[in-house]
Amino acid sequence: MQLRYVFTELRTGLRRNLSMHLAVILTLFVSLSLAGIGILVQREATVARDSLGDELKILVNLCTDDDPSHSPNCASGEVTADQQQRIEKEIQDNDEVRSFAYQSKEEGFEKAKETLPESSYTGPDPIVTAEGWPAAYWVTLKTPERADGIISALEGLDGVSGIKDQRKALGQIFGIMTVLKYGSWIGAGFLLFAALLQVTNTIRLAALARRREIAIMRLVGASTLYIALPFLLESLVAAIVGVALAAGVLAAFQYWGVEQALSDHVSFLPWVDWTDYTQALFGLFPPGIVLLGPALTLIPTLLLTRKYVKV
Amino acid sequence: MIRFEKVTKRYPGPGRPALDQVTLDIDKGEFVYLVGTSGSGKSTALRLVLREVRPTTGRVHVAGKEINRMAGWKVPRLRREIGTVFQDFRLLPNKTVAENVAFAQQVIGKSRREIAKVVPETLELVGLKDKGDRMPDELSGGEQQRVAIARAFVNRPMILIADEPTGNLDPATSVGIMNLLGDINETGTTVVMATHDHGIVDQFTKRVIELDHGKVVRDEASGSYGFQH
């Protein structure tokens, strides 16, 4: 196969249809950026859930030796084995509870270190220590609306320092994330559909401009792939440029938006990092923009060229 | 080389078939005129040979292959055995004469070295040795048709199909084109020419197959145009 011809045709095609290709690239760029942001927000929700528990969970802190809550439940100091057994049984028997997990002082402390400033747990006299950190139960509810029974059953028990209802704090954050995620995906969906239509229009115009060449190629026995190759490469070039621009915007968002701004100002939440950025680019589910871009241009091009260059 | 066995071609819609139970046999190296009025089925017969359309019933054999059920991906290879010339030349206006001829080789993947050798040879054969750098619009109609013939013949096909090749040319130029097609036929290439040009058919006597309403009504080894249209 003479690739020289294919690349000459590719150059001519890109020049001839420059405005259409630019339109495809810009639409792809904006839609893929939105799709990528949607993926990052989804990843952020996962990261936050992993660290803080999701909105269905409540956290039951057990008393420490010198409990800062000064709750009357902690009058006897550190939670005793008996008290803990009663608390666990109460949780186990409650029909609002789906499941629960015990978190030791050390586990809780390690988790807390991810979001606390380093100065608070290092140095000769740290404010936060593993010993002072409360052991706890993570209780997962069957439905987020029904937690009053378990909360009222537990809050009076000896050994319970306090109950943190994650639903209140995290519910709002996850709510915002859900809106952001679906908002960017819906926006991306509309724009990707627009990109799809633009790709089909571009191919139609390109096929029209090359109809003489295509007719002759078919007659002299050029293979379908050979005839279709310049079209496919034109689409691929548009996709590559669109994906590269979107990847740049996402990298800028990750660096200046997340690392330089959000993670400083909203430090109680762990934030997406460059691994998540890579996922937004190369992930399989949901498909990253490196897959999405070429698929959106190449699939319609393949289908349309089959129609226009059919031997 | 080309065999039609009871070939019927019916296009969608009402009306009689374009070809109706046509059986014919064209041997290797023959020169055949396909004559008949407009709508008699000449173009459909040529399109069947090129596998641009498939017969509704019957079988078409080209170059030893039954092409009715030939897989789509094999069709390009079949077409490399067939050169095609049209009344309206169908040259690429933005390419030079030599580039137009070379195009037919480039797109089937011939090497640059082979193209550099064969294209000048073919241009010499069609009498355009010194016009390779010209653009098609700088040539006369007869010369443009010669370029089209060069493009059809550059891959040395076994069959040359010519659909009204002299239809746009004056009688003197037409004679030149017929001489060229005759020369190509002498190399062993089978030539099938659909035409309305009774002067040419009568002057260059060859086998004549006449179609009328989709049926073969005459097949003479050394015939004349034979009817008025």
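Is it the case that A:A101 is in the same structural domain as A:D165 (by TED's automatic domain parsing), surrounded by 15 or more Cβ atoms within 10 Å (Cβ to Cβ) and within 22 Å of A:P270 (Cα to Cα)?
In short, no.
Would you say B:V62 is under 25 Å from B:Y33 (Cα atoms), within 14 Å of chain A (Cβ to nearest Cβ) and either without any contact (Cβ under 8 Å) to a residue 40 or more places away in the chain or touching a helix residue (DSSP H, G or I) at 6+ places or on another chain (Cβ under 8 Å) (or both)?
Judged against the criteria, B:V62 is a match.
Any chance segment B:173-182 includes a residue that's out of contact with any strand residue (DSSP E or B) (no Cβ under 9 Å at 6 or more places or on another chain), closer than 25 Å to B:G132 by Cα and hydroxyl-bearing (S, T, Y)?
Among the residues of segment B:173-182, at least one is out of contact with any strand residue (DSSP E or B) (no Cβ under 9 Å at 6 or more places or on another chain), closer than 25 Å to B:G132 by Cα and hydroxyl-bearing (S, T, Y), which makes the answer yes.
From the list A:L40, A:L14, pick out the single residue that is under 24 Å from A:L170 (Cα atoms) and either more than 14 Å from every other protein chain (Cβ to nearest Cβ) or not in a helix (DSSP H, G or I) (or both).
Only one candidate qualifies: A:L40.
Among the residues of segment B:183-192, is there at least one that is part of a loop (DSSP other than H, G, I, E, B), within 29 Å of B:S38 (Cα to Cα), under 15 Å from the mean Cα position of the chain (by Cα) and in contact (Cβ under 8 Å) with a residue 24 or more places away in the chain?
yes
I need every pair where a residue in segment B:115-141 that is surrounded by fewer than 18 Cβ atoms within 10 Å (Cβ to Cβ) has its Cβ under 7 Å from the Cβ of a residue that is basic (K, R), sequence separation at least 6 or different chains.
Short answer, once both residue conditions are applied: B:G127/B:R146.
Please count how many residues of segment B:194-211 are of a type in the set (G, A, S) and touching a strand residue (DSSP E or B) at 6+ places or on another chain (Cβ under 9 Å).
Looking only at that region, the number is 1.
Residue by residue, here is whether (1) surrounded by 14 or more Cβ atoms within 10 Å (Cβ to Cβ); (2) within 23 Å of B:R207 (Cβ to Cβ) holds:
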{"position": "B:Y11", "(1), (2)": "no, no"}
{"position": "B:Q21", "(1), (2)": "yes, yes"}
{"position": "B:T37", "(1), (2)": "yes, yes"}
{"position": "B:R79", "(1), (2)": "yes, no"}
{"position": "B:D88", "(1), (2)": "no, no"}
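How many residues, within segment A:163-209, are closer than 30 Å to A:S51 by Cα, over 21 Å from the mean Cα position of the chain (by Cα) and modelled with pLDDT of 85 or more?
Final tally of qualifying residues: 1.
Could you list, in sequence order, all residues of segment B:68-111 that are at the interface with another protein chain (Cβ under 8 Å from one of its Cβ atoms), outside any loop (DSSP other than H, G, I, E, B) and without any contact (Cβ under 8 Å) to a residue 60 or more places away in the chain?
Result: B:G72, B:W73, B:V75, B:P76, B:R77, B:L78, B:R79, B:F103, B:A104, B:Q106.
Looking only at segment A:208-215, decide whether some residue is over 30 Å from A:T115 (Cα atoms), more than 14 Å from chain B (Cβ to nearest Cβ) and part of a helix (DSSP H, G or I).
yes
Which of the residues that make up segment A:134-164 are among the charged types (D, E, K, R) and in a helix (DSSP H, G or I)?
A:D148, A:E155
Counting only residues that are under 30 Å from B:T187 (Cα atoms) and of a type in the set (S, T, N, Q), how many does segment B:1-56 have?
Adding up the residues that qualify gives 3.
Quick one: would you say B:E143 is touching a helix residue (DSSP H, G or I) at 6+ places or on another chain (Cβ under 9 Å), within 14 Å of chain A (Cβ to nearest Cβ), part of a helix (DSSP H, G or I) and acidic (D, E)?
It is false that B:E143 is touching a helix residue (DSSP H, G or I) at 6+ places or on another chain (Cβ under 9 Å), within 14 Å of chain A (Cβ to nearest Cβ), part of a helix (DSSP H, G or I) and acidic (D, E).
Of everything in segment A:219-268 that's of a type outside the set (F, W, Y) and outside any helix (DSSP H, G or I), which residue is nearest to B:N155 (Cα to Cα)?
In this case the residue turns out to be A:G221.
Count, please, the residues in segment A:76-93 that happen to be in contact (Cβ under 8 Å) with a residue 40 or more places away in the chain, surrounded by fewer than 16 Cβ atoms within 10 Å (Cβ to Cβ) and not in a helix (DSSP H, G or I).
2
The values are calculated or read from the model by the stated rules, or taken from the named source; none is laboratory data. Keep in mind it's a predicted model, so treat the numbers as computed, not measured. Neighbour counts are summed over all protein chains in view; Cβ atoms, including those assigned to glycine, are modelled from backbone coordinates with ideal geometry.
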